[in-house]
1. So what is the accessible area of the stretch 210-257 per residue, in Å², with the probe set to 1.4 Å?
2. Can you show me the helix-derived [θ] at 222 nm for the chain, built from DSSP H runs with n ≥ 4 at -39,500 (n - 2.57) apiece and divided by the number of residues, rounded to the nearest 500.
3. Rank GLU569, GLU464 by accessible area, highest first, at a 1.4 Å probe radius?
4. Please give, to one decimal in nm, the separation of the simple spin-label points placed at ARG38 and ILE442, each 7 Å out from Cα toward the Cβ.
5. When the accessible area of the chain is split by element with a 1.4 Å probe, what percent falls to carbon and sulfur?
6. In terms of solvent-accessible area of protein heavy atoms at a 1.4 angstrom probe, what is the ranking of ILE185, ILE399, highest value first?
7. Starting from 0.36 nm per residue, how many nanometres of slack lie between GLU128 and THR476 once their C-alpha separation is accounted for?
8. Calculate the FRET efficiency for TRP419 and VAL542 from the Cβ-Cβ distance with a Förster distance of 30 Å, rounded to the nearest 0.05.
Amino acid sequence: MLYKELLLNVLALCLLFSHSQATESSYKERLDLTPLPRNTLLASFNFELYSDPNIVGQNETIWAETHYALFPRSVGQIVRSTSTHDLHLRFSQGWWESEDWGSLPHNGRHSGGTGVELWANVAGKTREEAENRWYELASALSGLFCASLNFIDSTKTTSGPTAFLQNNQTSGLYYFHGSLPQETICTENLTPFLKLLPCKGFAGVSSLLDGHQIFDSKWQSMALDFVPVCDGESCKLHMTEKIDVVLDVQRLMGRKANPIPEPPPVSQLNCNTSKTYHSDSICFPLASPEEINWKLSDIFGTTVRSRCIPDHTSILTDAELNHSICTHVTPEWDVVREGGSLSYSGGNVACYSLTQNEIFDLAFSTTRSSSVSVPDRPPVYVQRSMTGRGQQNGGIQIIITNPSPTESVSLIYFESLPWFMKTYMHTMTEVLSLPNPDSVAITDVIKKANYKPSLERVRDSSLELYIELPASARLTLSYDFDNVLLYLIEYPPDANRGFDVSPAIVTVLTELDGIMTPSYALRTSSLLLSLPTPDFSMPYNVIILTSTVMALAFGTIFNILVRRFVYEEDIQRDSVSVLARLKQHLTSRFKTKETAASERPKSAE
């Protein structure tokens, strides 16, 4: 009995200790729904996790004493083993239409370029040691998120734009940036994101994240950030997950009505009959319908199943639990909720708090779907494209436009080009278009330029430009490059498709307390480079021809060495002699048996 009481006391102390260790952990989640022009919907999922503030030390030891109450252990252990100070991972697919949709969500701070993008500050005594840990970090994250991050090597690693180094200039930390523009994003990448959340996508706003809807969108971006938040010698780990999706409402509603895609009948096509060329075989589609109604469950295929309540929620305060869904609509929209409670309403924003064990849904209806919240205009527009023709040489053209009629914009343009694009920076031309051409010189626009040439099969080239673009100005940059012929084994299986070139990164700077701080970031679209490719059928033809010649030669030599050639008459004579000997042998055998039978004594009668 004494032993049982002692054991119960120990268990109670352990539970009390774990209770006290989890008191500082917190989890927040929020979903923002914003209708966009042409019946599209921007859905922004935001998840935040804080660990316990019991981490002491800096750089290599900052992750040393983490207690994983709500914080995901898988990523925490990876970051700790590689001595990573902060980590930023992006998965993006599609194109963001800035002219129609305005600024990127979160001012582009959590949006990446096409494919996969990874950057981090890694601790190390030397740069070589930190670089090796960087490759270990990429390989570990590759297995965790089912991505090809293990292909990030020295040729795909750069120092990144200088604007990314803000407030990270700590002694012993080295910054690395890598990207894979050819990576295809799919459900295999979404599932690991959900596994990092406390409710694993089974409750809360994360239960709406379904791969069929997310990846059938016009644009989607998944972001993961791990940063330490320190107060003196005590630090917390802050994890942020953000998933932003632009959904086509009409397309998703059509999929619900007709799960098997098929062309609609001619009678159901919405055609503009006022066109002169309209006929039974020619249809000019009408604009998106103004009257539309849909539910949240229609778009995502399910309702919100209760609120996400982690294991330690009972010891958290209501202020730390922010489980809500917010809508950003104009007065022309009617929003009716099912379940939950209205927690905030002001202007065009209304937020609804999720409740426990209660299904939540929202119904949207309007007769003017074109009436949406006016999107913020991005501070800069950037276009990047290939020029030239053929597969031997070409060029790159960048057009940067400042839409503001009154204010200039400061920005950093950064791009990394693969080593097999042999660039010629002396061919760069700058053309500045202004309302008053004589007001600003081109030397006052490009303040500074940093260029690091490539080393063949060792590292890529990088270009970084510091630009001060005047109001209503447009800057056009162009330069030439040559294509390098690769080794046969360096071509991918789909070499004739081309090679993907990473998007350029544009960071807009704003002066804050006398310091230029990043305020907006965007990525251009990736480029497709066509390299001179050999005839890959020739190795096959050579192998077939060589194998045929070798087979004929080997067969002839083998027959000469093994077979014995004789005349046909000898074969016939030999066959007759063989038959004669066989006949003689059988005859002698029968005679021997008859003689033995005749000599046998007769039995007495």
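1. Value for the stretch 210-257: 37 Å² per residue.
2. Theoretical 222 nm ellipticity from helices: -7000 deg cm²/dmol.
3. Accessible-area ranking of GLU569, GLU464, largest first: GLU569, GLU464.
4. Label-label distance for ARG38 and ILE442, simple model: 3.5 nm.
5. In the chain, the share of accessible area belonging to carbon and sulfur is 55 percent.
6. My answer, sorted largest first, is ILE399, ILE185.
7. That pair, GLU128 and THR476, stretches by 121.5 nm at full extension.
8. 0.55
The values are calculated or read from the model by the stated rules, or taken from the named source; none is laboratory data. Treat the numbers as computed from the prediction; the structure is a model and nothing was measured. In this analysis, Cβ positions are derived from the backbone assuming ideal geometry, glycine residues included, and neighbour counts consider all displayed protein chains. These accessible areas exclude ligands, DNA and RNA; they are computed on the full protein's heavy atoms, side chains included. Shrake-Rupley method; radii C 1.70, N 1.55, O 1.52, S 1.80 Å.
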